[in-house]
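Here the structure comes first, spelled out in structure tokens, and everything after it is commentary.
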Amino acid sequence: MKGYWLNHYFPKMMRDSIIQMPGLNKVKAAMKEGGIEFLTTEKYLVTPDLQDQFLYCGKQNPELYFNEQIRHGISSFSSLANREEVEQGLAELRKDMDSGSVHEIIKSYENDEGDYLFIIGKKPAANR
């Protein structure tokens with residue numbers, strides 16, 4: 001989440017969202033405790049044809065974040081953001097979209113870490 005350009009426009013909301021996400025080591029420990037063997041991880045990149053409207057829905061289409069209904073359905077916006085930050089972030093995003101500088105900002109956040117990380121595990125077969 002640190003590599004997503006929304007950090008530029010909504011820094012507090014994104015910090016608060018990141019805090020709520022468990023780190024990989026914590027997930028691995030929970031898997032082990034639950035009897036699930038950690039196998040590997042796979043990076044997932046959000047594609048332009050995404051139909052779900054979660055936090056990354058506007059990755060390639062920032063205009064989506066101006067839709068109040070969409071923001072209301074995104075937990076980061078609906079439960080972690082304050083009105084002032086949202087209004088200010090949206091105003092700055094609109095200004096950057098109008099000037100075209102949003103493309104430079106988005107590019108500055110590009111990385112090869114993936115947007116999400118799938119964690120793959122295996123539960124041992126039950127003893128017979």
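Let's see how each residue does on (1) surrounded by fewer than 17 Cβ atoms within 10 Å (Cβ to Cβ); (2) within 30 Å of Leu90 (Cβ to Cβ); (3) within 14 Å of the chain's Cα centre (by Cα); (4) hydrophobic (A, V, I, L, M, F, W, C):
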{"position": "Leu6", "(1), (2), (3), (4)": "no, yes, yes, yes"}
{"position": "Arg15", "(1), (2), (3), (4)": "yes, yes, yes, no"}
{"position": "Met21", "(1), (2), (3), (4)": "yes, yes, yes, yes"}
{"position": "Leu24", "(1), (2), (3), (4)": "yes, no, no, yes"}
{"position": "Met31", "(1), (2), (3), (4)": "no, no, no, yes"}
{"position": "Glu37", "(1), (2), (3), (4)": "yes, no, no, no"}
{"position": "Thr41", "(1), (2), (3), (4)": "yes, no, no, no"}
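Answer yes if at least one residue in region 47-58 is more than 14 Å from the chain's Cα centre (by Cα) and acidic (Asp, Glu), and no otherwise. Within region 47-58 (the criterion being more than 14 Å from the chain's Cα centre (by Cα) and acidic (Asp, Glu)), the answer is yes, since at least one residue qualifies.
Report yes if some residue within region 37-44 is within 16 Å of Phe118 (Cα to Cα), among the β-branched types (Val, Ile, Thr) and at pLDDT 95 or above; otherwise report no. Give the steps one after another, and end with the answer.
Of the residues in region 37-44, the ones within 16 Å of Phe118 (Cα to Cα) are 37-44.
The next check asks that each one be among the β-branched types (Val, Ile, Thr); those that pass are 40-41.
From what is left, the residues that are at pLDDT 95 or above are 40-41.
Taking every residue of region 37-44 in turn, at least one turns out to be within 16 Å of Phe118 (Cα to Cα), among the β-branched types (Val, Ile, Thr) and at pLDDT 95 or above.
Looking only at residues in region 102-128 that are hydrophobic (A, V, I, L, M, F, W, C) and outside any strand (DSSP E or B), the one that is nearest to Met1 (Cα to Cα) is Ile106.
Within region 88-117, residues that are hydroxyl-bearing (Ser, Thr, Tyr) sit with their Cβ atoms under 9 Å from residues that are at pLDDT below 95 and outside any loop (DSSP other than H, G, I, E, B), at 6+ positions apart or across chains, in these pairs: Tyr116/Lys43; Tyr116/Tyr44; Tyr116/Tyr56.
Residue check: is Ser99 over 14 Å from Leu6 (Cα atoms), under 17 Å from the mean Cα position of the chain (by Cα), surrounded by fewer than 13 Cβ atoms within 10 Å (Cβ to Cβ) and of a type in the set (Ser, Thr, Tyr)? Talk me through it step by step, then tell me what you get.
Details: over 14 Å from Leu6 (Cα atoms): yes; under 17 Å from the mean Cα position of the chain (by Cα): no; surrounded by fewer than 13 Cβ atoms within 10 Å (Cβ to Cβ): yes; of a type in the set (Ser, Thr, Tyr): yes.
No: the conditions fail for Ser99.
Is at least one residue of region 52-59 of a type in the set (A, V, I, L, M) and modelled with pLDDT under 95? Yes, the conditions are met somewhere in region 52-59. Residues that are surrounded by 11 or more Cβ atoms within 10 Å (Cβ to Cβ), in contact with a His (Cβ under 9 Å, 6 or more places away or on another chain), modelled with pLDDT of 95 or more and not basic (Lys, Arg) do occur in region 67-89, at least one of them.
One residue is enough: does region 26-35 have a residue meeting the conditions free of Cβ contacts under 8 Å to residues at least 12 places away in the same chain, among the aliphatic types (A, V, I, L, M) and closer than 23 Å to Met97 by Cα? Within region 26-35, none of the residues are free of Cβ contacts under 8 Å to residues at least 12 places away in the same chain, among the aliphatic types (A, V, I, L, M) and closer than 23 Å to Met97 by Cα. With respect to the conditions (1) modelled with pLDDT of 95 or more; (2) touching a strand residue (DSSP E or B) at 6+ places or on another chain (Cβ under 9 Å); (3) surrounded by 13 or more Cβ atoms within 10 Å (Cβ to Cβ), Lys122 falls short on a single one, namely (3).
The values are calculated or read from the model by the stated rules, or taken from the named source; none is laboratory data. Bear in mind the structure is a predicted one, so any value in this text is a computation, not a measurement. All Cβ positions, even for glycine, are placed from backbone atoms using ideal geometry, and neighbour counts span all protein chains on display.
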